[in-house]
Amino acid sequence: MIEAPEAICLAKQLNETIKGKRVTYVLVGHTPHKFTFSCGKPEEYPALLQDKIVGDSCAHGGMVQVNVGDAKLVFTDGANLRYYAPGAKLPNKHQLLVGFDDKSCIIVSVRMYGGILCFTGDSFEGGLNSYYACAKMKPQVMSDAFTQEYFLSLINAEDVQNKSVKAFLATDQMIPGLGNGVLQDILYNARLHPKVKVSTLSGQQRQDLYHHVKNTMHEMLEKGGRDSEKDLFDQKGGYIPYLSKDTVGTHCLRCGDMILKESYMGGSIYYCNTCQKYF
């Protein structure tokens with residue numbers, strides 16, 4: 001699933017590739033997918049997009065937004081975007097195809113679940129509206145607005161002290177675009193076990209965690225995202241995580257101990273038991 005680094009990479013590529021093109025064809029729901037989430041009536045998407053000019057694209061957390069005339073196309077994590085040049089062979093299965101006046105197109109397909117949203121105005125009807133509004137409202141984790149002062153106001157709040165650092169960072173949209181995927185290396189770099197309670201962190205550890213959030217995610221961005229995700233042109237990102245399902249059972253690059261995997265909070269956590277001690 002894409003998170004903030006990949007969303008920013010996709011938005012940049014969309015700006016470089018489709019901005020200024022005119023929409024000439026829209027096909028929605030070509031391949032039925034019961035976990036493709038939409039807003040309003042998907043059959044009305046073509047009327048909202050047809051003959052309009054593609055404007056800027058941007059990232060809101062892990063969501064990608066494409067402005068098309070007065071309409072907005074928003075893709076959540078789980079929705080895969082691909083660009084196809086004129087004459088390229090197109091996949092047989094997809095949930096959205098948007099064609100342009102130069103015969104190129106973008107195609108969106110959903111993995112297990114994902115949102116393909118098209119609307120005018122600043123909001124829409126449906127359960128994902130609050131998710132979108134929160135991601136849009138909060139300071140973007142990769143931006144200058146996401147300051148140390150802002151981060152400390154989050155981690156020092158009384159209602160998060162009994163949470164683990166994993167729960168604090170990656171649940172309840174505390175930091176939109178920071179999920180379980182990027183979390184693992186952030187905590188590895190910070191030498192914090194995912195289960196450590198926020199209340200046990202010193203003031204210095206909290207400040208250090210802020211810098212590891214920023215630095216780790218910026219490294220992912222600079223390398224085009226994680227190698228588990230693909231960009232607009234179907235190319236894998238260049239960032240290879242220290243901790244992932246692929247490194248379980250290998251040796252920690254710092255101390256040589258084994259990388260471990262554990263089920264926690266409905267997902268998986270990865271850690272080095274020496275570098276990331278849990279007391």
State whether the residues of the stretch 113-135 include one that is among the acidic types (Asp, Glu), in contact with a Phe, Trp or Tyr (Cβ under 9 Å, 6 or more places away or on another chain) and in the same structural domain as Gly62 (by TED's automatic domain parsing). yes
Selection count where residues are in contact with a Pro (Cβ under 9 Å, 6 or more places away or on another chain) and surrounded by 15 or more Cβ atoms within 10 Å (Cβ to Cβ), scope the stretch 265-279: 4
Failed item, numbered, when Asn80 is tested on (1) under 23 Å from Ser268 (Cβ atoms); (2) part of a loop (DSSP other than H, G, I, E, B): (2)
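Can you tell me which residue is nearest to the chain's Cα centre (by Cα) among those in the stretch 169-180 that are surrounded by fewer than 22 Cβ atoms within 10 Å (Cβ to Cβ) and touching a residue at least 12 places away in the same chain (Cβ under 8 Å)?
To start, the set of residues in the stretch 169-180 that are surrounded by fewer than 22 Cβ atoms within 10 Å (Cβ to Cβ) comprises 171-174, 179-180.
Add one more test, that the residue is touching a residue at least 12 places away in the same chain (Cβ under 8 Å), and what stays is 171, 173-174, 179-180.
Details: Thr171: 13, Gln173: 12, Met174: 14, Gly179: 8, Asn180: 10 Å.
Per the criteria, the residue is Gly179.
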Subset tally (residues that are of a type outside the set (Ser, Thr, Tyr) and surrounded by fewer than 16 Cβ atoms within 10 Å (Cβ to Cβ)) for the stretch 134-153: 8
Name, by its number, the condition in (1) crowded, with 18+ Cβ neighbours inside 10 Å; (2) part of a loop (DSSP other than H, G, I, E, B) that does not hold for Asn162. (1)
For the stretch 88-99, state whether one or more residues are on the phi < 0 side of the Ramachandran plot, surrounded by 24 or more Cβ atoms within 10 Å (Cβ to Cβ) and assigned by TED's automatic domain parsing to the domain that holds Arg22. yes
Can you tell me which residue is nearest to His212 (Cα to Cα) among those in the stretch 108-159 that are part of a loop (DSSP other than H, G, I, E, B) and among the aromatic types (Phe, Trp, Tyr)? Phe146
Return the pair list, or none, for Cβ contacts closer than 9 Å from residues in the stretch 6-34 that are on the phi > 0 side of the Ramachandran plot to residues that are among the β-branched types (Val, Ile, Thr), at least 6 apart or on different chains. Gly20/Ile53; Gly20/Val54; Gly29/Thr36
What do you reckon, is Gln184 assigned to a loop (DSSP other than H, G, I, E, B), within 20 Å of the chain's Cα centre (by Cα) and buried (at least 16 other Cβ atoms within 10 Å of the Cβ)? no
Inter-residue pairs, beta-carbon under 7 Å, first part of a loop (DSSP other than H, G, I, E, B) and in the stretch 258-279, second of a type in the set (Lys, Arg), 6+ apart: Met265/Lys166; Cys275/Arg191; Cys275/Arg254; Gln276/Arg191; Tyr278/Lys195
Name the pairs: first residue in the stretch 133-161 and within 20 Å of Ala7 (Cβ to Cβ), second residue hydroxyl-bearing (Ser, Thr, Tyr) and in a loop (DSSP other than H, G, I, E, B), Cβ to Cβ under 8 Å, at least 6 apart or on different chains? Ala133/Ser123; Pro139/Thr147
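For the stretch 242-252, state whether one or more residues are closer than 30 Å to Asn15 by Cα, modelled with pLDDT of 95 or more, out of contact with any strand residue (DSSP E or B) (no Cβ under 7 Å at 6 or more places or on another chain) and in the same structural domain as Tyr188 (by TED's automatic domain parsing). Talk me through it step by step, then tell me what you get.
Here is the first cut: in the stretch 242-252, the residues closer than 30 Å to Asn15 by Cα are none.
Looking for residues that are closer than 30 Å to Asn15 by Cα, modelled with pLDDT of 95 or more, out of contact with any strand residue (DSSP E or B) (no Cβ under 7 Å at 6 or more places or on another chain) and in the same structural domain as Tyr188 (by TED's automatic domain parsing), one finds none in the stretch 242-252, hence no.
Look at Tyr210 and say whether it is over 30 Å from Ile106 (Cα atoms) and aromatic (Phe, Trp, Tyr). Spell out the reasoning first.
Details: over 30 Å from Ile106 (Cα atoms): yes; aromatic (Phe, Trp, Tyr): yes.
So Tyr210 passes the test.
The values are calculated or read from the model by the stated rules, or taken from the named source; none is laboratory data. None of these values were measured; they are calculated from a predicted model. Counting neighbours? That spans all protein chains shown, and the Cβs are built from the backbone with ideal geometry, glycine included.
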